[in-house]
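The values are calculated or read from the model by the stated rules, or taken from the named source; none is laboratory data. Values in this document were obtained by computation on a predicted structure and should not be read as measured data. Cβ placement follows ideal geometry from the backbone for every residue including glycine, while neighbour counts extend to all protein chains displayed. Heavy atoms of the whole protein, side chains included, go into the accessibility calculation; ligands, DNA and RNA do not. Shrake-Rupley method; radii C 1.70, N 1.55, O 1.52, S 1.80 Å.
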Amino acid sequence: MSATTPVVEFRGIGLTYPGPPPVTALRPCDLTIRHGEYVTVVGPSGSGKSTFLNIAGLLDAPTVGSYHLDGVDTGALPDADRTALRGRRIGFVFQSFHLLPHRSATENVLLAMVYNTKARADRQKRAREALARVGLDHRADALPTRLSGGERQRVAIARALVARPAVLLCDEPTGNLDTATAESVLALLDELHRDGMTLMVITHDPLVAARGQRTVTIRDGVLSERAAA
Ligand code: ADP
């Protein structure tokens, strides 16, 4: 896609759970995120953050509106194509890391390259490079159980990066970390942003939200934007 095509483009996107009674978890909203932007999405529990994340991450379809991801109209896609688009264009980072405990750091990262048809040696090299990018080349063969929380989240970030996604979608990425470790993970996200990565970070923590260039607030299903502090 050209550099001017937005990475994320929501037009009138909303979601109402059918119920009964029906619950409008996200009211129709517009949002445009361009290449290289760092956007944080903040709101209290129950405000609609997960609903927003699930739509942005192509895990759920909106009930109204259109969503273009990297120029692709996602509403028009059959399920298999949506899944492939998600695998190629979105790197997920979750609060609880979601690593396979009996696979090494490198193997966990390799698992994110299911859509990559290159030879295993090339994929292995890419996995090692991704681990080096997050400062973990020396722990490439370690099992997640032998890694600290901060190291586990770095492996998860390497896994999210290795397929060269259009956007890194992080759900409470520091929620399971102590303050010092959280800061080092946030510093890594800052670095990735400086290197040109597009980031969307969902959080209830105002300190994490303040790291973004732009902050979007969700309250009672209403998305609004204010300038970052
Ligand atoms: P958050 O992630 O900010 O805690 P959610 O997106 O999970 O908020 O929820 C937003 C609203 O939608 C809440 O009122 C919640 O109870 C409601 N909700 C979430 N999932 C469902 C569902 N499957 N069916 C009905 N209502 C739901």
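Observations on the model:
- Residues that are farther than 24 Å from V185 by Cα, in a strand (DSSP E or B) and aliphatic (A, V, I, L, M) occur at least once in segment 67-89.
- Boolean, A132 is part of a loop (DSSP other than H, G, I, E, B) and either within 16 Å of the ligand (Cβ to nearest atom) or open to solvent by 10 Å² or more (accessible area, probe 1.4 Å) (or both): no
- Those residues of segment 64-88 which are crowded, with 20+ Cβ neighbours inside 10 Å and touching a residue at least 60 places away in the same chain (Cβ under 8 Å), in sequence order: L69, D70
- Taken over segment 58-104, the residue count meeting the criterion of being hydrophobic (A, V, I, L, M, F, W, C) and farther than 14 Å from R159 by Cβ is 11.
- Number of positions in segment 179-223 that are farther than 21 Å from I157 by Cα and open to solvent by 60 Å² or more (accessible area, probe 1.4 Å): 4
- Condition check for P6: more than 9 Å from the ligand (Cβ to nearest atom) and touching a Lys or Arg at 6+ places or on another chain (Cβ under 7 Å): yes
- Test: residue in segment 9-26 that is near the ligand (Cβ under 8 Å from one of its atoms) and among the aromatic types (F, W, Y): yes
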